[in-house]
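The values are calculated or read from the model by the stated rules, or taken from the named source; none is laboratory data. Model, not experiment: these values are computed from the prediction. Virtual Cβ from ideal backbone geometry, glycine too; neighbours counted across all protein chains shown.
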Amino acid sequence: MVKYDSHIDVLFREGLRDMETLPPESLWEDIQPVMRRRKNKGIFFRIAAGMAILISIGAMAYYAGNMLNVDNGPNITVADNSLSTLFDASYLNIEVESGIDINQGEDINPAITDNDIEEIGLDNSELNPDPIINKEKIDLVYDEPRNNILRLNDTPREVTARRNPSIVLVSEILPVEPVKNNANIKRWQLGAMVSPTYLSNNLNSTNEALNQINDNENAILSYSGGFSLRYRMSKRLSVQTGLYYSSLGREIEGVTSYSGFGPYASSKSGTIFGVETSSGTINSTNNDIYLADQSANRIDSYYSVDNFDPVKSNLIPFGNQLRQSFEYLEIPLILRYKLIDRKLDFNILGGMSYNFLIGNYTWAMNSEGSKVLLGSTEGVDHLLLSSSLGMSMEYEVSERFSLNLEPHFRYFLNTGGDLGSGNPYTFGIFSGMNFRF
Amino acid sequence: MPDLRKILRGCLAGNKRDQELLYRRYSAKLYGVSLQYSGSHDEARDVLQEAFIKIFTSLHTFNGDGSFEGWMRRIVVNTALEKHRNRYYLNKVDELGFENDTMPELEADEISGMESEDLLSFIMELPPKYRMVFNLYALEGYSHKEIANMLSISEGTSKSNLSRARSILQKKVEIHLGIKKRMNG
């Protein structure tokens, strides 16, 4: 005798153990759109996050650029006996209270000594107004400097000879830095760059099935290139965009291709073979090519011929590799910061890019380099968001031209495929030249 | 029939045909599980849809420990529990103090002829809080402590809900058997 309460547990457990009930037929049709929507939603949020980061970085950079570009300094009153003091006054509006009647041709600078020259700086004690005598004001006006050496022997005659004797050219009495005229600064820069590019594998998992796919795929050396447009926001900070073309790809090992399959090829969907890869499924629509997997069971066949025997048919071996190629147009937004400002500059750079898929091809390859187009890879993202980090060495050939070398690391924020579990990355070394205007 | 490993590999690579093969192979069994945790076919459908989306998108986390079917079953059960928690959390009513019914004993051969469809309908007719506890305890084998954690209730509530569920099911079985006896006799 079994107790009823535990017996009823057993009754239901046993009675329902292997129960199967067919779900409504429409359920499968509803699953796919939901998955697509969620995926698109994820991409949308990533893009929005990317935009927010870029806008924030841009705003900060703009603010920092404005802080560094101080055009108008404080108004400082300088006592006449401190005119000989050497300091970089090019950014300051200086008003001089002179105790000397310069109209009378007296030496405006009689007391300049080596000690004065050593007293360089913006020490407030030296810049405080001297409340003495003659409150005649002299406006200091900057002109193009003639030299950077203090002319101790200059006499006020040069000054008084001017039409308006109250105006003194600073360059005549102070060794000023060259005045920077913003209008002459070349803020824009156009560049052209190319780079060999290495693409990592898509998948990153301890899953055995994924590892089997990964083991048979090799990254191939691809290339990127394009034009960049850079705007110099400050002496050290610039923002860069552009348009780049990237051709990325992988080689799939162990898939043998044969030609001569045409008489047997027939498929409702148009796809004859499907090959699983880390980027998605290659859909081969080439009727002439028969595919066989030598190392792993990655191929699905969709031809409708029953009992096809490849051994008995007259297939001609073609090659043992497939090559996937993905072509992207990249629009980056990069911030560059100049760490070393010499003839050979050194910069660090970082930012984000949108990558639009414009080409998706798969070829069967042979050892002689010949290739036959099979089709495309299904499930590859059409829009990728990537972040970039790199450094740049820039050599100034002339005032307008420079050469540069830029190692770049680019990390994709999408996985690239429908369910890829690892985010791919690329590494490239860009080289090119720039033109300033 | 295609090899499961191959189907899984295709699903991992994003192959929609392999995803459909996986769905076709297991949807009937998992729909049965989903029905056990639901009050209606519509609810079960929603649970199964959500569960399959989770299965496809988290397939790479299945590392081969244990059976794949068991892994999918857990996802279905957890999805049903999630929906239950969301739906009933605010209206949670503790059943502390509920006294066990004194249940008569029944011979095993009396209930051996029950159809699985009947058993399923009895479970589906249970109030959700009783159904969840009974399923988790009697069918999945969880302890009251685990169930209390999963449903955010006390152990006492779990025990009383189980007792109440058994009592209701017993009555349903008795009525069903009585009708059958009358029909046969």
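Okay, here's what the table says:
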item	result
Boolean, residue A:380 is at pLDDT below 85 and exposed (fewer than 15 other Cβ atoms within 10 Å of the Cβ)	no
So residue A:353, is it over 17 Å from residue A:200 (Cα atoms), in the same structural domain as residue A:271 (by TED's automatic domain parsing) and small (Gly, Ala, Ser)	yes
First in the range B:121-137 and within 12 Å of chain A (Cβ to nearest Cβ) and part of a helix (DSSP H, G or I), second anywhere and surrounded by fewer than 20 Cβ atoms within 10 Å (Cβ to Cβ) and charged (D, E, K, R), Cβ under 6 Å, 6 or more apart	B:122/B:172
Residue match in the range B:51-58 (condition: surrounded by fewer than 22 Cβ atoms within 10 Å (Cβ to Cβ), facing another protein chain (nearest Cβ under 8 Å), hydroxyl-bearing (Ser, Thr, Tyr) and assigned to a helix (DSSP H, G or I))	yes
Filter pass, residue A:228 being part of a strand (DSSP E or B), at pLDDT 90 or above and closer than 28 Å to residue B:13 by Cβ	no
Exclusive hit being at pLDDT below 90, under 28 Å from residue A:271 (Cβ atoms) and surrounded by fewer than 19 Cβ atoms within 10 Å (Cβ to Cβ), set B:62, B:98	B:62
Qualifying residue in the range B:115-124 (condition: modelled with pLDDT of 90 or more and loosely packed, with under 14 Cβ neighbours inside 10 Å)	yes
Only one of B:39, B:64, B:14 that is more than 7 Å from chain A (Cβ to nearest Cβ) and not in a helix (DSSP H, G or I)	B:39
Qualifying residue in the range B:153-165 (condition: of a type outside the set (A, V, I, L, M, F, W, C) and either modelled with pLDDT under 90 or in the same structural domain as residue B:54 (by TED's automatic domain parsing) (or both))	no
Residue count, the range A:1-60 (criterion: in a helix (DSSP H, G or I), surrounded by 13 or more Cβ atoms within 10 Å (Cβ to Cβ) and modelled with pLDDT of 70 or more)	17
Given (1) within 17 Å of the chain's Cα centre (by Cα); (2) modelled with pLDDT of 90 or more, number of the condition residue A:412 does not satisfy	(2)
Options A:256, A:281, A:271; residue that is surrounded by 16 or more Cβ atoms within 10 Å (Cβ to Cβ), touching a residue at least 12 places away in the same chain (Cβ under 8 Å), out of contact with any Leu (no Cβ under 9 Å at 6 or more places or on another chain) and in a strand (DSSP E or B)	A:281
Check on residue B:89, modelled with pLDDT under 75 and more than 10 Å from chain A (Cβ to nearest Cβ)	yes
Breaking point among (1) free of Cβ contacts under 8 Å to residues at least 12 places away in the same chain; (2) within 8 Å of another protein chain (Cβ to nearest Cβ); (3) among the small types (Gly, Ala, Ser), for residue B:27	(1)
Residue that is over 30 Å from residue A:430 (Cα atoms) and of a type outside the set (D, E, K, R), where the choices are A:337, A:328, A:354, A:290	A:290
Contacts under 6 angstrom Cβ, first residue in the range B:31-43 being without any contact (Cβ under 8 Å) to a residue 40 or more places away in the chain, partner surrounded by fewer than 23 Cβ atoms within 10 Å (Cβ to Cβ), 6 or more apart	B:31/A:21; B:31/A:23
Odd one out for residue A:317, checked against (1) surrounded by 15 or more Cβ atoms within 10 Å (Cβ to Cβ); (2) closer than 25 Å to residue A:249 by Cα; (3) not hydroxyl-bearing (Ser, Thr, Tyr)	(1)
